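J.: Questions regarding the structure given below will be posed in turn.
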Amino acid sequence: RRTMAFDRAFLLGLIGAACVDAFAPGSLPSHQSFRPSARTGSCHLSMQDASSAGFSPEPLLGNKGRAQPPVGNEGRRRLALGGAALAAGAVLPKGASAEALKTPVAIDSIDKDLPCAKVLTGMWQLSGGHGYKPDKKKAIEAMKESVEKGFTTFDLADHYGDAEPITSLFKGKYPELWKESQFYTKWVPMPGPMPREVVERAVDRRLQRMGTDRLDLLQFHWWDYETKDQYLEAMGHMQDMVREGKIGHLAVTNFDTDNFKASRDAGIKLVSNQVQFSLIDQRPLQKMAPYCVENDLKLLAYGTVCGGFLSDAYVGKTKLTRKDIDTASKGKYYNMIEMWGGWPLFQDLLATLRKIGDKHGVSVTNVATRWAIEQPAVAGAIVGARLGLTDHTDSNLKVFTFQLDDEDKAMIASVTSRSRDLMKVVGDCGDEYRRRG
């Protein structure tokens, strides 16, 4: 049985991960509820897509998107260079900044033809609960700066506040930079029947809000594995839409290894899985990453810097106050740190990362991010950004100025080996979102 401490951390982690509209109810196009489970007596967090909730967005810019075929499109010219050039980050976007010219962002690929910056810009912070009220104009200018420095890939979702329509506004103001960029969104429906009309309405909603006619990557989340027939039905309809051109690539988020494999065994062509993956959460290394390597699939890593806790600001900070946990991200990842091994062990890890950072002339955050992007199957690590408020792009460029050597890795392992096995505490990837008995 899981402990009372775990149950509390579990629920608080979910609240930090998804109940963000409690902080900014007017800005989110989705709602959520706790529903009791007759099977286990526990609670599951459910999120309903705005398309079925009757949400009406503000008027968007013109709805003309990029040409559907990625190869041959000038805005996707990097694809013609092939996977090796993508991985090497050999091509920079038009108008690249001086910083990007000195330190180009490495570019990987998903499914061989979808570019993915090794450090993605996460847009969860636009949903509220992260210490600022997003300003659309400032966010668009911050996106411009990011793309010009080589950070061309953005991770967003149906429930990340105004993230989707902001990409449409970005397209309207900076169409050439938009062509150079990739936007990975998500659909997080409530479990239930998934006929074609339900799935297509949700996909069309994403297209409308993002002002495009083709989604680069649609990442699908499902709350309840016991309704496998429903999620497979939904995936089947989305796969049809890949063939029809509405979706470029189909992926999942927070699926465990068994259900990721089962989906692919059922004939669904999934290209990636977005999972929590960091120095304190190395669960993917046990099952998920080996499966992805074996099948040429990619992982997108989130939680890489633990909401900002993996940074110089917390080195030597032996005690935290409520003021230190001032965002939804920190609330979630503080609970994960406690489950992993606690704050004193985390301080040992920070001290070790600081030594490695001193050796390479980089920050603790840089070392943590570098560790993540060097892991098997990882196409990129998602680093959240409070777009329009803070700018860490110059610091993030330093991730590409060094590599971790054997000594660095041994130092890190000497600390992380003393932590709890989160596979035993929590379960496989994504199980923190699905209570099981």
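FYI, it's all coordinate maths here, none of it is from the lab. None of these values were measured; they are calculated from a predicted model. Please note: Cβ atoms are built from the backbone with ideal geometry, for glycine as well, and neighbour counts cover all protein chains shown.
J.: Please identify the GluC sites (Glu not before Pro) of region 344-437 that satisfy two criteria: DSSP loop assignment and at most 15 other Cβ atoms within 10 Å. Which are they?
T.: Counting only loop positions with at most 15 other Cβ atoms within 10 Å, the GluC sites (Glu not before Pro) in region 344-437 are Glu374.
J.: I need the phi-derived Karplus couplings for region 365-379: 6.51 cos²θ - 1.76 cosθ + 1.60, θ = phi - 60°, integer Hz, Gly and Pro marked x.
T.: Values, residue by residue: 4, 4, 5, 4, 5, 4, 4, 5, 6, 8, 7, x, 6, 6, 6 Hz.
J.: Under 5 Å between amide hydrogens, which residues at least 5 positions from Tyr302 or on another chain qualify, with H placed 1.01 Å from N in the peptide plane?
T.: The answer is Val275, Gln276, Phe277, Ile382.
J.: Can I ask one more? In terms of modelled amide H atoms, which long-range or inter-chain residues lie less than 5 Å from the amide H of Phe220?
T.: Trp187, Ala251, Val252, Thr253
J.: Compute the distance in nm between two label points, each set 7 Å from the Cα along the Cα-to-Cβ direction, one at Gln347 and one at Glu244.
T.: With each label placed 7 Å out from Cα toward Cβ, I get 5.8 nm.
J.: Provide the per-residue ³J(HN,Hα) series for region 221-231, in order, calculated from phi with Karplus coefficients 6.51, -1.76, 1.60 and θ = phi - 60°, each as a whole number of Hz, with x at glycine and proline positions.
T.: 3J(HN,Hα) across region 221-231, in whole Hz: 10, 9, 7, 10, 5, 6, 10, 4, 4, 6, 5.
J.: Would you work out if region 357-409 is rounded, prolate or oblate? Take a ≥ b ≥ c from the square roots of the eigenvalues of the alpha-carbon gyration tensor; rounded if a/c is under 1.5, else prolate when a/b is larger than b/c, oblate otherwise.
T.: On the way: a/c = 2.79, a/b = 1.43, b/c = 1.96.
It is oblate, given that a/c is not under 1.5 and a/b is not larger than b/c.
J.: Applying the Karplus parametrisation 6.51 cos²θ - 1.76 cosθ + 1.60 with θ = phi - 60° to the phi angles of region 406-420, what ³J(HN,Hα) value in whole Hz is obtained for each residue in order, glycine and proline being reported as x?
T.: Along region 406-420, the couplings run 4, 5, 4, 5, 5, 4, 5, 4, 5, 8, 5, 5, 8, 8, 6 Hz.
J.: Between Thr153 and residues 5 or more places away or on another chain, which pairs have amide H atoms under 5 Å apart, with H built 1.01 Å from N, and which residues are they?
T.: It is Ala117, Thr121, Gln182, by chain and number.
J.: Right, something else. Could you give the length gained on full extension between Lys228 and Asp258, defined as 0.36 nm per residue of separation minus the Cα-Cα distance, in nm?
T.: Here the answer is 9.6 nm.
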